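For reference, the structure discussed in these notes is given below.
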Amino acid sequence: MIAKNSLNNQLPNEIKSTFKELNMLKHLRIAGITKSFGFSCAYIFQLIFCMIFENKNWFRMLESKKATDIPAKDTVYRFLNQSTFNWRRFLLSLVASVIGKV
(Lines give C-alpha, C1' and ligand atoms only; values in the text may rest on other atoms or scores of the structure.)
Protein backbone atom coordinates (compact mmCIF):
# COMPACT_ATOMS: atom_id res chain seq x y z
CA MET A 1 0.00 0.00 0.00
CA ILE A 2 1.68 3.20 1.15
CA ALA A 3 4.98 3.30 3.01
CA LYS A 4 5.14 5.76 5.89
CA ASN A 5 8.86 6.39 5.55
CA SER A 6 8.83 7.61 1.94
CA LEU A 7 6.08 10.17 1.48
CA ASN A 8 7.30 11.22 -1.98
CA ASN A 9 7.07 7.73 -3.48
CA GLN A 10 3.92 6.49 -1.84
CA LEU A 11 1.42 6.89 -4.67
CA PRO A 12 1.07 4.56 -7.64
CA ASN A 13 2.36 6.16 -10.84
CA GLU A 14 -1.12 6.58 -12.32
CA ILE A 15 -2.36 8.51 -9.31
CA LYS A 16 0.92 10.37 -8.67
CA SER A 17 0.73 12.19 -12.00
CA THR A 18 -2.88 13.20 -11.31
CA PHE A 19 -2.02 14.51 -7.84
CA LYS A 20 0.87 16.49 -9.27
CA GLU A 21 -1.06 17.98 -12.19
CA LEU A 22 -4.08 18.97 -10.09
CA ASN A 23 -1.99 20.21 -7.14
CA MET A 24 -4.14 18.24 -4.71
CA LEU A 25 -1.97 18.98 -1.69
CA LYS A 26 -2.07 22.71 -2.42
CA HIS A 27 -5.87 22.58 -2.40
CA LEU A 28 -5.76 20.81 0.97
CA ARG A 29 -3.69 23.67 2.40
CA ILE A 30 -6.03 26.29 0.88
CA ALA A 31 -8.94 24.64 2.68
CA GLY A 32 -7.12 24.76 6.00
CA ILE A 33 -6.49 21.04 6.10
CA THR A 34 -3.12 21.01 7.79
CA LYS A 35 -1.26 18.83 10.25
CA SER A 36 -1.85 19.44 13.93
CA PHE A 37 0.05 16.40 15.28
CA GLY A 38 0.91 12.83 14.30
CA PHE A 39 0.63 11.76 10.67
CA SER A 40 0.54 14.50 8.06
CA CYS A 41 -2.77 15.35 6.42
CA ALA A 42 -1.26 14.70 3.00
CA TYR A 43 -0.27 11.17 4.03
CA ILE A 44 -3.70 10.32 5.45
CA PHE A 45 -5.52 11.84 2.46
CA GLN A 46 -3.35 9.92 -0.02
CA LEU A 47 -3.84 6.71 1.96
CA ILE A 48 -7.63 7.04 1.89
CA PHE A 49 -7.60 8.06 -1.78
CA CYS A 50 -5.52 5.01 -2.77
CA MET A 51 -7.70 2.62 -0.80
CA ILE A 52 -10.73 3.71 -2.81
CA PHE A 53 -9.11 2.78 -6.11
CA GLU A 54 -7.55 -0.44 -4.81
CA ASN A 55 -10.93 -1.74 -3.62
CA LYS A 56 -9.81 -2.09 0.00
CA ASN A 57 -11.47 -1.12 3.24
CA TRP A 58 -9.98 0.08 6.50
CA PHE A 59 -10.99 -3.02 8.48
CA ARG A 60 -9.06 -5.32 6.13
CA MET A 61 -6.04 -3.00 6.15
CA LEU A 62 -5.89 -3.10 9.96
CA GLU A 63 -5.91 -6.92 9.87
CA SER A 64 -3.14 -7.14 7.27
CA LYS A 65 0.61 -7.35 7.84
CA LYS A 66 0.94 -3.65 7.00
CA ALA A 67 -1.16 -2.61 9.98
CA THR A 68 1.93 -1.33 11.80
CA ASP A 69 2.67 1.15 8.97
CA ILE A 70 -0.75 2.77 8.77
CA PRO A 71 -2.53 5.11 11.20
CA ALA A 72 -5.15 3.76 13.57
CA LYS A 73 -8.85 3.90 12.83
CA ASP A 74 -9.37 6.81 15.23
CA THR A 75 -6.78 8.91 13.39
CA VAL A 76 -8.63 8.54 10.10
CA TYR A 77 -12.01 9.28 11.70
CA ARG A 78 -10.62 12.41 13.37
CA PHE A 79 -9.12 13.50 10.05
CA LEU A 80 -12.41 13.11 8.19
CA ASN A 81 -14.55 14.66 10.93
CA GLN A 82 -12.29 17.54 12.03
CA SER A 83 -14.54 20.58 12.42
CA THR A 84 -11.83 23.06 11.39
CA PHE A 85 -11.22 21.41 8.02
CA ASN A 86 -13.23 23.09 5.28
CA TRP A 87 -13.99 20.18 2.91
CA ARG A 88 -16.37 22.30 0.81
CA ARG A 89 -13.61 24.83 0.17
CA PHE A 90 -11.28 21.97 -0.78
CA LEU A 91 -13.77 20.57 -3.29
CA LEU A 92 -14.58 24.02 -4.68
CA SER A 93 -10.91 24.87 -5.12
CA LEU A 94 -10.17 21.50 -6.73
CA VAL A 95 -13.16 21.67 -9.09
CA ALA A 96 -12.33 25.23 -10.13
CA SER A 97 -8.80 24.13 -10.93
CA VAL A 98 -10.01 21.11 -12.94
CA ILE A 99 -12.49 23.23 -14.90
CA GLY A 100 -9.74 25.74 -15.62
CA LYS A 101 -7.54 22.99 -17.05
CA VAL A 102 -10.35 21.65 -19.23
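The values are calculated or read from the model by the stated rules, or taken from the named source; none is laboratory data. This one's a predicted model, so the numbers in the text were calculated from it and none came from an experiment. Every residue, glycine among them, receives a Cβ derived from its backbone with ideal geometry; neighbour counts consider all protein chains shown.
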Residues (assigned to a helix (DSSP H, G or I), surrounded by 14 or more Cβ atoms within 10 Å (Cβ to Cβ) and hydrophobic (A, V, I, L, M, F, W, C)) located in the range 68-86 | 76, 79
Among the residues of the range 27-72, which ones are modelled with pLDDT of 85 or more, of a type in the set (D, E, K, R) and more than 20 Å from residue 98 (Cβ to Cβ)?
-> none
